[in-house]
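Notes to accompany the following structure.
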Amino acid sequence: MSIETLRNRIAQLEREKANFERSLSREQENARKKQAEISQISRSINKNTSVSSLSSKQRQIESKQRQLSGYEKKAADLQSKVAGKNAELLKKLSEVGRAEKQEQRRNDQEEKKRQGQQLSHSKHVTRELERQAQIHRQLSSAPIVVQFADLPKKITVLFIASNPTDQTQLRLDEEIRAITKKIRESEYRDAVELKSLWATRPDDLLQALNEYKPTIVHFSGHGSDLGELVLQDDSGHTKLISLEAIVQLFTVMASGIELIVFNACFSYAQAERVTSHVKAAIGTNDSVGDEAARVFAAQLYSAIGFGKSVREAFAQAKVALQLEGIKEEDIPELYVAEDIDDESLVLVRPET
């Protein structure tokens with residue numbers, strides 16, 4: 001519920017409470033007057049009052065006592081309603097306080113993210129200038145040559161999926177279906193083996209990385225704006241994995257991994273950090289839709305399967321989004337290690 005909706009509800013509760021308080025005041029005043037009438041009749045009874053007059057006065061008193069009881073009952077009911085409105089008001093005021101703090105945290109996070117993006121962009125520009133200078137130096141002496149003989153005959157892509165039941169449900173099955181189709185249609189399809197891991201728990205990660213020894217690790221699912229990955233617990237609910245834990249995972253498990261793809265929202269920090277341990281990583285600088293995630297990933301692996309470099313595959317995947325009319329081509333970002341030339345980083349060995 002938005003802060004504005006909460007504030008509107010508080011204003012409505014205050015109006016309802018004020019109405020109840022006015023009604024309560026009227027009932028209390030009616031009860032006071034009726035009590036005064038009863039007292040007046042009672043005082044008028046004395047030893048000289050005749051039997052018939054006494055009987056009449058007693059009937060009047062009984063009638064007014066019944067009326068008094070009705071007023072008192074209504075007053076008690078209204079007091080209960082006022083107390084209820086007070087309790088609900090306190091609850092809504094507390095909710096507004098929490099919502100305002102959350103909004104402030106989001107604003108702070110957005111500002112931190114913006115500053116991080118600016119810093120990341122500056123670093124990227126610096127790295128690009130250095131890379132261009134390095135390419136110029138290399139071209140002045142010898143052309144860049146990809147040593148295909150040094151590439152493995154087969155690479156493994158490990159598709160790690162997580163779609164907790166308490167999160168918005170993603171079409172991850174459509175994503176892997178599209179990836180599988182594109183790999184099968186690629187030129188060097190026999191050189192790419194796709195493995196998948198579903199409903200992933202944190203303790204599945206080390207097991208899968210040890211078991212499959214992947215060349216490419218592909219995370220598909222949700223991410224948080226704090227740089228966390230969203231996995232699952234044993235009940236199928238959200239289990240957040242911190243940015244530091246992700247970086248530490250690839251600190252100890254980087255052997256053989258050439259590329260990590262974080263196909264999840266707000267994963268740019270993860271991608272940037274892990275390039276201290278692997279050659280390249282892809283992340284996103286914003287939330288990303290199901291369709292964009294599917295189209296981008298499918299074309300990325302298609303290009304890799306045709307023997308394209310990581311830089312070419314990334315560029316083709318962004319073009320695929322534009323061709324489909326999906327306005328999210330600026331969301332994916334490619335990060336590479338400082339000593340790596342992404343244009344010569346080819347993962348699939350052409351068949352001879």
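Only the coordinates and a few stated rules stand behind these numbers; no lab work does. Just so you know, these numbers come straight off a predicted model, no measurement behind them. No Cβ is skipped: glycine too gets one built from the backbone with ideal geometry, and neighbour counts run over all protein chains shown.
Odds and ends about this structure:
- Applying the Karplus relation 6.51 cos²θ - 1.76 cosθ + 1.60 with θ = phi - 60° to region 285-298 yields 3J(HN,Hα) values of 9, 7, 5, 10, x, 3, 5, 4, 4, 5, 5, 4, 5, 4 Hz, where x marks Gly and Pro.
- With an a/c value under 1.5 for the gyration tensor axes a ≥ b ≥ c computed over the alpha-carbon atoms, region 149-336 is described as rounded.
- Each Lys or Arg adds one and each Asp or Glu takes one away; over the other residues whose Cβ falls under 13 Å from the Cβ of F20, this sums to +1.
- Straight Cα distances below 13 angstrom link K279 to the aspartates and glutamates E258, E338, D339, D341, D342, E343, with same-chain residues fewer than 8 positions distant left out.
- For K34, a cut-off of 17 angstrom between C-alpha atoms picks up these lysines, skipping any fewer than 8 places away in its own chain: K57, K64, K73, K74.
- When the chain is treated as a GNM with alpha-carbon contacts under 10 Å, the residue of G305, G116, G97 showing the greatest mean-square fluctuation is G97.
- Rel. contact order, % - alpha carbon contacts under 8 angstrom, at least six apart, region 202-305: 25 percent
- Each of V348, V252 has some number of other Cβ atoms within 10 Å of its Cβ, and from fewest to most they run V252, V348.
- Fewest-first ranking of E72, E14, E175, using other Cβ atoms within 10 Å as the exposure measure: E14, E72, E175
- R0 of 30 Å, Cβ-Cβ distance E211-S242: FRET efficiency to nearest 0.05: 0.80
- Dipole in debye (nearest 20) - region 149-336, about Cα centre, beta carbon charges: Lys, Arg +1; Asp, Glu -1: 660 debye
- Only Cα pairs under 8 Å and 6+ residues apart enter the sum, and on that basis the relative contact order of the chain stands at 15 percent.
- Among beta bridges from DSSP that stay inside the chain, the antiparallel ones total about 35%.
- Shape category assigned to region 252-347 from the gyration tensor of Cα positions, a/c cut at 1.5: oblate
- Cβ-to-Cβ counts within 10 Å put S23, S50 in ascending order as S50, S23, the fewest first.
- Residue pairs, from the table K153/K308; K213/K327; K181/K239; K154/K327; K101/K327, whose Cα atoms sit over 24 Å apart: K213/K327; K181/K239; K154/K327; K101/K327
- Label-reachable residues, region 1-20, where backbone N falls under 20 Å from a point 7 Å from A87's Cα toward its Cβ: 9-20
- Taking Cβ atoms as reference points and 15 Å as the exclusive limit, the residues near A208 contribute a net charge of -1, counting Lys and Arg as +1 and Asp and Glu as -1.
- Leading residue at positive end of dipole, the chain (Cβ point charges), from Q322, V51, H222: V51
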